[in-house]
2 protein chains.
Amino acid sequence: MTPVRRGQWQTAADVLTQLTRRPGITRAAVARALRLSTGSATEVTARLRDVHLLTEVPAPSQGRGRPTTVLQPHPQGPVVLALDLRQSSWRSAVVALDGSLQDPQYKRHRSRRAQVVLKNLRREVELAKQRYGARLQMVSLAVPGTVRDNHLMQAPTLEWVELDLAQVTEGTGVPLLAGNDATLSGVAEARTGAAAGAGTAVHLIIEVGIGGTLLIDGVPAQGASGAGGEYGHMPFGDRSRPCPCGARGCWDLEIDGRALARHLKQPTPDDPVAYTEEVLRRTDRAARAAVTKVVTALGYGIAGLVNAHDPDVVTVGGLAIPLRAAAEDTFTEAYLSGLMTFHRGAPPPVLPATHQPDGPLRGAAALALDHLTSEPAIAAWVANRS
Amino acid sequence: MTPVRRGQWQTAADVLTQLTRRPGITRAAVARALRLSTGSATEVTARLRDVHLLTEVPAPSQGRGRPTTVLQPHPQGPVVLALDLRQSSWRSAVVALDGSLQDPQYKRHRSRRAQVVLKNLRREVELAKQRYGARLQMVSLAVPGTVRDNHLMQAPTLEWVELDLAQVTEGTGVPLLAGNDATLSGVAEARTGAAAGAGTAVHLIIEVGIGGTLLIDGVPAQGASGAGGEYGHMPFGDRSRPCPCGARGCWDLEIDGRALARHLKQPTPDDPVAYTEEVLRRTDRAARAAVTKVVTALGYGIAGLVNAHDPDVVTVGGLAIPLRAAAEDTFTEAYLSGLMTFHRGAPPPVLPATHQPDGPLRGAAALALDHLTSEPAIAAWVANRS
DNA sequence: CCATTAAACTCGTCCTCCGAGCATAAGGGG
DNA sequence: CCCCTTATGCTCGGAGGACGAGTTTAATGG
């Protein structure tokens, strides 16, 4: 381990970061964005080509002048394996430096037992390791639950107890990066989705309960141990109502299928997502009244988060989209009435997430790529190749 | 404006940042912290000495070995003027690169009219400009209200309307950096106070209402326009209660003197801070019951913020300290019962702020110093001197 | 076919950081 | 009191990135 020389690969790291943020970017555009002289651009791309971090292909000419080149990940370059674990299925993809998904897999769980599922994920890691060898630099895993230092603390939908996720990569020598699925889908929105370019963004996603994250310059506020973003457990609701999380009055209890069932005086549904979709299909007065209540709680809570964080934009995903669509006016009224007056002049837009199915996968990949494009990681990659 | 050479002053910037974060640090300690070779340390300190950014004085010997030197700001080096505007007074200090306060001033407002107060602040800026000349690099202003791009949006305690704060420095050519006082006192705590070293910290301060901020690695989450941190306007309270901010059910209304008065069935006090102190001195049952209610709302809300942000530590200031002390057990119970179960094993400590009177001043200075110790600012300083 | 344009390439120079070797200023044991 | 140990500062040669000026190249358009 030679100590990394200060600044050695600084510009190279910046170039690769550009590549992950704006896939298909040209060399000339990168040079403009980073304010590099053409000489430096020539030099840095040559160096990156030499170490198999990128290749260049001629770009279609854009008017007069010598045509530039499109930067692409090198065919022998580093990759990450992104995994997205869901309640009844899992997905994976191998991701190169430009964020493109290769080799996508989708499989339903045959068993939902934790050990079986993790074993299947582990097999996928081993397969990728065989196929990509030393090119596989990192495994990034999205999980529907609270994650703390690569441990799953609670996963209500999976009904798993506390669990060490490290076994997914154990023995392969590939580092693991596990994160909450809502957080990661927020990362995807902030990087290449509806919140692209926003300095501060709030992302929320309703499935069972509500998850989300605060994103500052595309970086999620993960907290001390990675458990940040549990907005569902802020006490926006009725304090007399206990939440399975251990607290009381959680927002969670006001905005999903469980809330709809309560308003409709029905027992708590086994599958709150399916139940919500069912209620949304109903047209009777009771169902619409229940939806109205839930949408009000949603709009009101979002307004509270806007007051607290002053985001440029709020993105919402999952059931939040059909719920809001079912009562657009109710939502808008609740949202606006919950804002502090000075926000009402230009309230942050509440936009539907654009990465809907593969948000967690893309977000997981993005955070892993952040590591790969860091200066020390590039220096280590170069050192390993020699 | 010559374009800044990439990396030119990178290490120099790192050294100055160390100086602001740990005043009185020695050259050897900086070299260790930044993993600099002794040769580089010699070089960078010499360079910084040459451009009047720091001086060295012999350090008291610490056992064997050649004694090192203490790094100090240069007597001809850059300074910032920190201003802290309060309801009935204002304070100022000139701050050098090590964060030491020089020339502290404290004045009560003779008139509270916005124009008069701002004129007085402006006079202080002009005085500093006369005394320090080109050494004065920035003015940093803490304001008890919501600040957005150097505009004061609302300041309930001052009863001012929207206001452009730029007039405080206009014509002097010195850039202004205005921020919310609660946010800035949080910065002070996160840098050199009770939250020093915390990756994620939540800071809260009760005066009239509650202000605060989320701090990530000592950087406040200021939001899109600098209005972030208005935790007092999250709907933790009774939704039927309208808040002067325009929303309803704000936490603000549950935790200050206005809440105490409501519980005691008295009219809203003119000075909620003095009223709170008065109630805290009372020992009758009604007063204690009112305090208990307020403290419960405080503990419960803090728990919600901990669930959402997963901080390493929470710091509290202002009336939160005596309120909590008046009902310590009530607070602890409310706090713990509001946490998600998995947080209860090691709940983040809720610590009293240590910078009590001069938190906003020190925080304002710290953010200004962040600018001064940035690479482009150093390059600009060097360019201006030649 | 040639002027225009935008971008890539070449090369000399500057600057920072590093590391090895040397110098220096303390403490402490004989 | 001398000299060894220890921690640090200083000197200097070398490596390597970034810059910028000048040159070359590959397109468009008249």
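Could you list, in sequence order, the residues of the stretch A:42-62 that are surrounded by 13 or more Cβ atoms within 10 Å (Cβ to Cβ), within 31 Å of the chain's Cα centre (by Cα) and either away from DNA strand C (no atom under 11 Å from the Cβ) or not basic (Lys, Arg) (or both)?
A:Val44, A:Thr45, A:Leu48, A:Val51, A:His52, A:Leu53, A:Leu54, A:Thr55, A:Glu56, A:Ala59
Just give me the residues in the stretch B:212-243 being under 25 Å from the mean Cα position of the chain (by Cα) and within 30 Å of B:Arg288 (Cα to Cα), in sequence order.
B:Gly212, B:Thr213, B:Gly229, B:Glu230, B:Tyr231, B:Gly232, B:His233, B:Met234, B:Pro235, B:Phe236
Which of the residues that make up the stretch B:63-93 are under 16 Å from the mean Cα position of the chain (by Cα) and among the aliphatic types (A, V, I, L, M)?
Within the stretch B:63-93, B:Val80, B:Leu81, B:Ala82, B:Leu83, B:Leu85, B:Ala93 qualify.
Please specify each residue of the stretch A:63-77 satisfying the condition of being farther than 18 Å from A:Trp9 by Cα and away from DNA strand C (no atom under 13 Å from the Cβ).
A:Gln72, A:Pro75, A:Gln76
Six or more apart or on different chains, Cβ under 9 Å: which pairs go from a residue in the stretch A:65-86 that's under 30 Å from A:Thr146 (Cα atoms) and in contact (Cβ under 8 Å) with a residue 60 or more places away in the chain to one that's aromatic (Phe, Trp, Tyr) and part of a strand (DSSP E or B)? Could you list them?
If the second residue must be aromatic (Phe, Trp, Tyr) and part of a strand (DSSP E or B), the pairs left are A:Leu83/A:Trp90; A:Asp84/A:Trp90.
Which condition breaks for B:Ala28 when tested against (1) more than 10 Å from DNA strand C (Cβ to nearest atom); (2) small (Gly, Ala, Ser); (3) within 25 Å of B:Thr169 (Cβ to Cβ)?
(3)
Evaluate the following for A:Gly24: is it under 22 Å from the mean Cα position of the chain (by Cα) and either within 18 Å of A:Val187 (Cβ to Cβ) or crowded, with 18+ Cβ neighbours inside 10 Å (or both)?
no
So which residues in the stretch A:117-173 are part of a helix (DSSP H, G or I) and either within 14 Å of chain B (Cβ to nearest Cβ) or within 30 Å of A:Glu230 (Cβ to Cβ) (or both)?
If the condition is that a residue be part of a helix (DSSP H, G or I) and either within 14 Å of chain B (Cβ to nearest Cβ) or within 30 Å of A:Glu230 (Cβ to Cβ) (or both), then A:Val117, A:Leu118, A:Lys119, A:Asn120, A:Leu121, A:Arg122, A:Glu124, A:Val125, A:Leu165, A:Ala166, A:Gln167, A:Val168 are the ones that fit.
Among (1) free of Cβ contacts under 8 Å to residues at least 60 places away in the same chain; (2) more than 21 Å from A:Tyr335 (Cα to Cα); (3) of a type outside the set (Phe, Trp, Tyr); (4) not in a loop (DSSP other than H, G, I, E, B), which single condition is B:Val202 missing?
(1)
Name every residue in the stretch B:235-248 that is in a loop (DSSP other than H, G, I, E, B), in contact with a strand residue (DSSP E or B) (Cβ under 9 Å, 6 or more places away or on another chain) and at the interface with chain A (Cβ under 8 Å from one of its Cβ atoms), in order of residue number.
B:Pro235, B:Arg239, B:Cys245 - these are the residues of the stretch B:235-248 that are in a loop (DSSP other than H, G, I, E, B), in contact with a strand residue (DSSP E or B) (Cβ under 9 Å, 6 or more places away or on another chain) and at the interface with chain A (Cβ under 8 Å from one of its Cβ atoms).
Do we have any residue at all in the stretch A:175-186 that's facing chain B (nearest Cβ under 10 Å) and surrounded by fewer than 24 Cβ atoms within 10 Å (Cβ to Cβ)?
Taking every residue of the stretch A:175-186 in turn, none turns out to be facing chain B (nearest Cβ under 10 Å) and surrounded by fewer than 24 Cβ atoms within 10 Å (Cβ to Cβ).
When you go through (1) touching a Ser or Thr at 6+ places or on another chain (Cβ under 8 Å); (2) more than 15 Å from DNA strand C (Cβ to nearest atom) one by one for B:Thr11, which number turns out not to apply?
Going through the list (1) touching a Ser or Thr at 6+ places or on another chain (Cβ under 8 Å); (2) more than 15 Å from DNA strand C (Cβ to nearest atom), B:Thr11 breaks only (2).
What's the number of the only condition in (1) more than 24 Å from the chain's Cα centre (by Cα); (2) within 10 Å of chain B (Cβ to nearest Cβ); (3) surrounded by 19 or more Cβ atoms within 10 Å (Cβ to Cβ) that A:Leu260 fails to meet?
(2)
Search the stretch A:215-234 for residues being more than 7 Å from chain B (Cβ to nearest Cβ) and part of a strand (DSSP E or B), and hand back the single one that is nearest to B:Gly228 (Cα to Cα).
Checking each candidate, the answer is A:Leu215.
Going by the conditions given, is B:Gly39 within 13 Å of DNA strand C (Cβ to nearest atom), within 14 Å of chain A (Cβ to nearest Cβ) and free of Cβ contacts under 8 Å to residues at least 12 places away in the same chain?
Judged against the criteria, B:Gly39 is a match.
In the stretch B:333-385, how many residues are farther than 24 Å from B:Val143 by Cα and of a type in the set (D, E, K, R)?
Adding up the residues that qualify gives 4.
Given the criteria assigned to a helix (DSSP H, G or I) and more than 10 Å from chain B (Cβ to nearest Cβ), does A:Lys265 qualify?
When the stated conditions are applied, A:Lys265 does not pass them.
Taking B:Ser374, is it in contact (Cβ under 8 Å) with a residue 60 or more places away in the chain, among the hydroxyl-bearing types (Ser, Thr, Tyr) and more than 21 Å from B:Gly193 (Cβ to Cβ)?
Yes.
Any idea which residue in the stretch B:8-29 is farthest from B:Ala196 (Cα to Cα), counting only those that are within 11 Å of DNA strand D (Cβ to nearest atom) and within 14 Å of chain A (Cβ to nearest Cβ)?
Residue satisfying both the conditions and the ranking: B:Gln8.
Within the stretch B:194-209, how many residues turn out to be within 11 Å of chain A (Cβ to nearest Cβ) and touching a strand residue (DSSP E or B) at 6+ places or on another chain (Cβ under 6 Å)?
4
In the stretch A:226-247, how many are without any contact (Cβ under 8 Å) to a residue 40 or more places away in the chain and surrounded by fewer than 22 Cβ atoms within 10 Å (Cβ to Cβ)?
Total meeting the criteria: 7.
Every read-out reported here was derived from the displayed coordinates using simple, explicitly stated rules and does not represent laboratory data. Small disclaimer: the values here were computed from a predicted structure and weren't measured. All Cβ positions, even for glycine, are placed from backbone atoms using ideal geometry, and neighbour counts span all protein chains on display.
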